[in-house]
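Report on the following structure.
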2 protein chains.
Amino acid sequence: MKNTLVHRLREMILSGELPAGERLTEIGLAEKLSVSRTPVRAALPILAADGFLDTVGKRGYKVRSFDPEQSLQQLELRSVLEGLAARYLAKKGPSTGLIKEIDTCLAEGDAIFSKGYVTEDDEDAYGEMNARFHSLIVDNCGSKPVQEMLAKINNMPFIGPSVLVFNQIGLERAYGMLFRAHGHHHTLAEAIRLGEGDRAEAIFREHGNTQRESLFSRVEASLEERS
Amino acid sequence: MKNTLVHRLREMILSGELPAGERLTEIGLAEKLSVSRTPVRAALPILAADGFLDTVGKRGYKVRSFDPEQSLQQLELRSVLEGLAARYLAKKGPSTGLIKEIDTCLAEGDAIFSKGYVTEDDEDAYGEMNARFHSLIVDNCGSKPVQEMLAKINNMPFIGPSVLVFNQIGLERAYGMLFRAHGHHHTLAEAIRLGEGDRAEAIFREHGNTQRESLFSRVEASLEERS
DNA sequence: CTTTTTATTTTTGTATACAATAAATATCTT
DNA sequence: AAGATATTTATTGTATACAAAAATAAAAAG
């Protein structure tokens, strides 16, 4: 993304500087950000389309309130779409180059878990690999509409890959969770190789439950933080 | 929608006045439409987000080329999401009021097909009822993310409910197609009533194939038209 | 005192001017 | 003449002024 202003506003919303429910006027934001109305006018519809803002009547926007239930639904939606992508990929059959890249991801994960525990550094490495693995599936599924939808979902608040951080839940718990998720990666890769579309889709849907667990932890942590 | 300019541009794209691949500059469009750059500047990102335009580099947009394959993928994506909505609805159980509204749709459809044939007027009535039926499922599925995604898909070119018109394929063929689709509605309603989420989802996915057939016909017709 | 109408204020919609940047062309050096 | 560099041109980014519309407040009528 190039537009720096939508990023600034995203951060302000996620950090709570712009609290949920707050009404946003072009003039007010322009003054607060020391720019003219024109760029904020360009940024607001984008943020609304990304799910950060709600339109209030036909006049202006307000910060969308954070709804944990809705975040879970977003997460599930992503799993469904990724499942569909996996089905497509299994159906058409992955290229040999793609299989190699997938195997690289699997090997990296195996290396991490072979120790029997995970460190904080491992989490970063796993997160990077995990994102790459998912991208491999989605980018090669052959359906641009699915890709674009997933890109939008990944831009939505609270569920993008970047927030799947595990450092708030304890390393022991993270180990089990990540290990299980990595197991899904293995079985998914197998299903794709074998051309088993139904199975690939089912695995990815179940895979989402792992992420859901992580989000629950995150919500709990953020709630404790505010008390 | 309020923004009349995006509508005008949509029409110009769909009608071919702005041919696929054409580069769009703010100043050029502003002159052609006799407005200033400001409103077109607001409209272009919206059209891009809706899938009518592609970004060319970091500088401007071009009209996205019409790809039949991609339209089919969009259609399938919609079926998958509607299937998910149907699953949700079946899982949580529909309210009695909702069941009544669904039954009303079913009865309207039955009345249309009881004659054994369809007229052009019937097509309008069926189309209206069909849209209402689908809305009932989606609006009551309980997942705002799914609803918003479907709203976006319905805004995309060539697959919105409004283009599911059948007057180009002959009334005999339309009868069979619509009758089959209506049968899906019946079985779907039953699955929802019985709380059979898996079945509801499967039916709606299959339901999409009917629409796919209609789109094929439409594409053929539009290709013949241009020759 | 309530309701309707009118005036005021707030906020968004549009137009235009200017600045910044990327693309294209021309110029210069070797 | 080829490549690199400067200059020009085209196009988007930003700021500001003004117009239109909507919300709010005030005033008048019943």
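The values are calculated or read from the model by the stated rules, or taken from the named source; none is laboratory data. Treat the numbers as computed from the prediction; the structure is a model and nothing was measured. Heads up, the Cβs are rebuilt from the backbone with ideal geometry, glycines too, and the neighbour counts pull from every protein chain shown. The protein model used for the area step is the full one, side chains on, heavy atoms only, and it has no ligands, DNA or RNA in it. Shrake-Rupley method; radii C 1.70, N 1.55, O 1.52, S 1.80 Å.
Ordering B:157, B:55, B:179 by Cα displacement along the dipole of the protein assembly as shown toward the positive end leaves B:55 in first place; charges were set at the Cβ atoms of Lys, Arg (+1) and Asp, Glu (-1). Convex hull volume of the Cα atoms of the protein assembly as shown, normalised per residue: 177 Å³. Solvent-accessible area per residue in segment B:4-63 equals 55 Å², computed with a 1.4 angstrom probe and all protein chains kept.
Count Lys and Arg as plus one, Asp and Glu as minus one, and take only other residues whose Cβ is under 11 Å from that of residue B:35; the net charge is then +2. Counting from the shortest, the label point at residue A:36, 7 Å from Cα toward Cβ, is 1.0 nm from the same position in each remaining copy. Put a plus charge on the Cβ of each Lys and Arg, a minus charge on the Cβ of each Asp and Glu, and nothing anywhere else: the dipole of chain A about its Cα centre is then about 1120 debye. Hey, which of these cross-link pairs are over 26 Å Cα-Cα: A:62/B:32; A:58/B:144; A:58/B:62? Beyond 26 Å: A:62/B:32; A:58/B:62. Shown for chain A are the DSSP H helices of 24 Å or more along their axis, judged by Cα atoms, with a mean Kyte-Doolittle hydropathy of at least -1.0: A:68-92, A:96-113, A:120-139, A:171-194. Cβ-Cβ distance of residue B:67 and residue A:3, R₀ of 25 Å, FRET efficiency by 1/(1 + (r/R0)^6): the value works out to about 0.35.
In angstrom, the C-alpha Rg and Dmax of segment A:4-63 are 10.2, 27. Only protein atoms count toward the accessible area here, which uses a 1.4 Å probe; on chain A, the carbon and sulfur part of that area reaches 53 percent. Neighbours of residue B:192, meaning other residues whose beta-carbon lies under 14 angstrom from its beta-carbon, give a summed charge of -2 when Lys and Arg score +1 and Asp and Glu score -1. Dividing the alpha-carbon radius of gyration of chain A by the rule-of-thumb value 2.2 N^0.38 Å gives 1.13.
Charged neighbours of residue A:114, selected by a Cβ distance under 13 Å, balance to -2 (K, R count +1; D, E count -1).
Report summary: the helix-based calculation at 222 nm, which adds -39500 (n - 2.57) for every DSSP H run with n ≥ 4 and divides by the residues of the protein assembly as shown, gives -24000 deg cm²/dmol. For segment A:100-161, the alpha carbon convex hull comes to 78 Å³ per residue, rounded to a whole number.
Per the accessible-area calculation with a 1.4 Å probe, the total area buried between chain A and chain B rounds to 2300 Å². Under 20 Å from the 7 Å Cα→Cβ point of residue A:91, by amide nitrogen: which residues of segment B:139-158? Taking a point 7 Å out along Cα→Cβ of residue A:91, the residues of segment B:139-158 whose backbone N falls under 20 Å are B:150, B:153-154.
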